[in-house]
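K.L.:
Before we start, here is the structure in question, set down as structure tokens.
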Amino acid sequence: MLGEYRIEGRRASEIAASVERGVGTGALEPGELLPPMRELALTLGVNPNTVAAAYRTLRERGVIETDGRRGSRVRPRPATTARGSIRVEAPAGVRDVSKGNPDAELLPSLDAALAETARRAARSPGMYGEVPVDEEFARLARAALDADGVPDGPIAVASGALDAIERVLSVHLRAGDAVAVEDPGWGSLLDLVPALGLRPVPIAVDDEGPLPAAVAGALRDGVRAVIITDRAQNPTGAAIGAERAAALRRVLADHPDVLLVEDDHGHGIVDLPLFPLAGVVRHWAFVRSVAKAYGPDLRVASLTGDAETVDRVLGRQRLGPGWVSRLLQRTVAHLWATGAVDPATVAGAYAARRDGLIGALERRGVEAHGRSGMNVWVPVSDETGAVTRLLGAGWAVAPGARFRMAAGPAVRVTVSGLSVRDIEPLADALAVAAGPAPARSYG
């Protein structure tokens with residue numbers, strides 16, 4: 001227990017900070033058992049209630065977990081250890097297909113939009129006390145949602161999809177609540193949930209999205225929220241079809257008090273139809289980031305939902321940043337209004353690379369997944385070995401550990417930077433690296 005690391009402090013905040021320092025430096029490893037509260041209190045010469053308060057703070061921050069008489073342990077992947085750090089740095093001469101970035105050549109020019117925004121700002125600079133959501137942005141965002149069958153609701157704006165999801169979870173849930181998350185799923189989200197003091201519960205996915213039986217099981221076990229990606233799921237490329245959406249809606253309808261959060265970050269880069277799930281539970285939120293289609297640095301996401309949820313988000317936002325820059329909102333609105341991105345063209349470009357790689361792998365007897373978006377998920381028998389072999393072959397891929405909880409080992413390949421000439425050499429390297437067919441697929 002703890003080895004040579006010594007927890008210090010007289011106040012609850014100091015004790016909690018000492019444990020977090022140990023986790024952050026690696027002196028306290030994931031899974032390591034912490035001393036019983038009374039034992040640590042005796043060692044430090046403090047009241048047991050002080051240690052209890054420190055442990056409670058650490059649980060709320062997602063640093064430790066407590067399992068009754070088995071005691072408190074450092075989380076297997078504590079919030080202070082970001083999944084983003086599980087990466088492979090590409091040395092000189094190695095192609096990097098790990099980052100998850102869009103193809104810069106497919107992003108629109110911002111010149112005209114920024115120039116028009118600047119002209120408007122010169123005539124009427126934005127000031128305190130104005131409405132947080134630009135009128136034109138809200139109108140265009142709502143029109144696009146209406147066209148896709150998303151239920152009616154007010155519009156809010158966040159600084160990207162993760163910011164929007166964090167705000168929705170924060171206004172509805174309390175520390176210790178369980179949240180169903182896709183497995184494999186977005187690594188940043190898998191970090192965010194425990195960082196908020198919430199407990200992630202993995203739900204398996206296949207090419208059509210979350211498995212209804214897995215969602216039903218998580219709901220029976222008492223999760224308070226479910227987060228689902230509609231299209232271009234990261235890392236698997238899953239996209240929810242009509243039948244899967246109907247099945248998920250039936251499952252959710254039996255639990256009307258659960259919070260549903262949908263992430264449609266693939267809007268603008270996917271040509272598959274949207275089948276939204278909202279409308280069967282009381283509290284819901286639907287999030288659309290512009291990052292993949294218009295540029296990650298714009299940091300804008302639209303958010304709609306039931307009136308109470310959106311009102312809570314806007315109210316809490318007013319006490320923090322106040323609003324997302326209306327200059328950025330107007331820039332995005334101009335891009336939308338002028339049709340700066342043709343989703344069919346962008347989706348077609350990504351599909352050609354994605355389907356080309358999946359087809360090449362299939363010819364080599366290698367399982368791969370990527371129904372939509374810009375990533376391909378390749379199950380492997382030995383993840384560390386596969387990443388190492390690929391690096392030796394000149395390719396840096398993303399380790400699957402960044403994206404999974406209970407799902408089997410795999411690697412993620414981002415196709416946005418690939419050319420037609422890259423497909424066969426990369427497929428050759430992946431076929432060698434993947435090894436024998438793994439016993440478990442990602443679904």
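K.L.:
Place a +1 charge on the Cβ of each Lys and Arg in the chain and a -1 charge on the Cβ of each Asp and Glu, then give the dipole magnitude about the Cα centre in debye, rounded to the nearest 20.
P.N.:
Magnitude of the dipole: close to 1060 debye.
K.L.:
Then there's this: Residues with beta-carbon under 10 Å from that of G197, excluding G197: net charge, scoring Lys, Arg +1 and Asp, Glu -1?
P.N.:
Numbers: positive: R56, R59, R61, R174, R199; negative: E60, D177.
That sum, taken over residues with Cβ under 10 Å, equals +3.
K.L.:
When T66, T25, T57 are ordered from fewest to most other Cβ atoms inside 10 Å of their Cβ, what list results?
P.N.:
Taking fewest neighbouring Cβ atoms as first place, the list is T25, T66, T57.
K.L.:
While we're here: When you have a sec, figure out the Kirkwood radius of region 12-74 from all distinct Cα pair distances and drop it here in Å to one decimal?
P.N.:
Computed over region 12-74, the radius equals 11.5 Å.
K.L.:
For a quick check: sort M127, M405, M374 by the number of other beta carbons within 10 angstrom, fewest at the front.
P.N.:
Lowest to highest Cβ neighbour count: M127, M405, M374.
K.L.:
For region 290-443, what does the relative contact order come out to in percent, with C-alpha contacts under 8 Å and a separation of six or more?
P.N.:
Numbers: 180 pairs, mean separation 33.5, N = 154.
Relative contact order, region 290-443: 22 percent.
K.L.:
Please list, by residue number, everything in region 92-131 whose backbone N is under 20 Å from a paramagnetic label point 7 Å out along Cα→Cβ of A144.
P.N.:
Correct set: 101-118.
K.L.:
Quick one: dipole size for region 111-337, taken about the Cα centre, charges +1 on Lys/Arg Cβ and -1 on Asp/Glu Cβ, in debye to the nearest 20.
P.N.:
680
K.L.:
Evaluate region 204-248: find the radius of gyration of its Cα atoms, find its Kirkwood radius, and give the ratio Rg to Rh.
P.N.:
0.97
K.L.:
Run the numbers on region 12-74 and let me know its relative contact order in percent, using alpha-carbon pairs under 8 Å that are six or more apart.
P.N.:
On the way: 63 pairs, mean separation 25.7, N = 63.
The normalised contact order for region 12-74 reaches 41 percent.
K.L.:
Here is a further query. Bins of 5 Å, beginning at zero and ending with the bin holding the largest distance: percent of Cα pairs per bin for region 111-337, please.
P.N.:
Bin by bin from 0 Å, the calculated values are 1, 7, 15, 20, 20, 16, 10, 6, 3, 2, 0, 0.
K.L.:
Right, something else. Using Cβ counts within 10 Å as a stand-in for footprinting exposure, how do E243, E116 rank, fewest first?
P.N.:
Going from least to most buried by this count: E243, E116.
K.L.:
Something else: Choose one of T331, H267, G187: the residue whose Cα lies farthest towards the positive end of the charge dipole of region 111-337 (beta-carbon charges +1 Lys, Arg; -1 Asp, Glu; about the Cα centre).
P.N.:
T331
K.L.:
How high is the relative contact order of region 113-196? Use alpha-carbon pairs under 8 Å, at least six apart in sequence, and give a whole percent.
P.N.:
21
K.L.:
Moving to a separate point now. Choose one answer from A156, A115, A307: the residue with the largest mean-square fluctuation in a GNM of the chain with alpha-carbon springs under 10 Å.
P.N.:
A115
K.L.:
Among A386, A12, A239, determine the one that fluctuates most according to a GNM of the chain built with springs between C-alpha atoms less than 10 Å apart.
P.N.:
Looking only at A386, A12, A239, the biggest GNM fluctuation is shown by A12.
K.L.:
Same structure again: Any chance you could check the Cα centroid distance between region 165-204 and region 397-439 for me, in angstrom?
P.N.:
26
Any read-out appearing in this document is the output of simple, stated calculations on the displayed coordinates, not a laboratory observation. Quick caveat, the model's predicted, so the values are computed rather than measured. Positions of Cβ are backbone-derived with ideal geometry, glycine not excepted, and every protein chain shown enters the neighbour counts.
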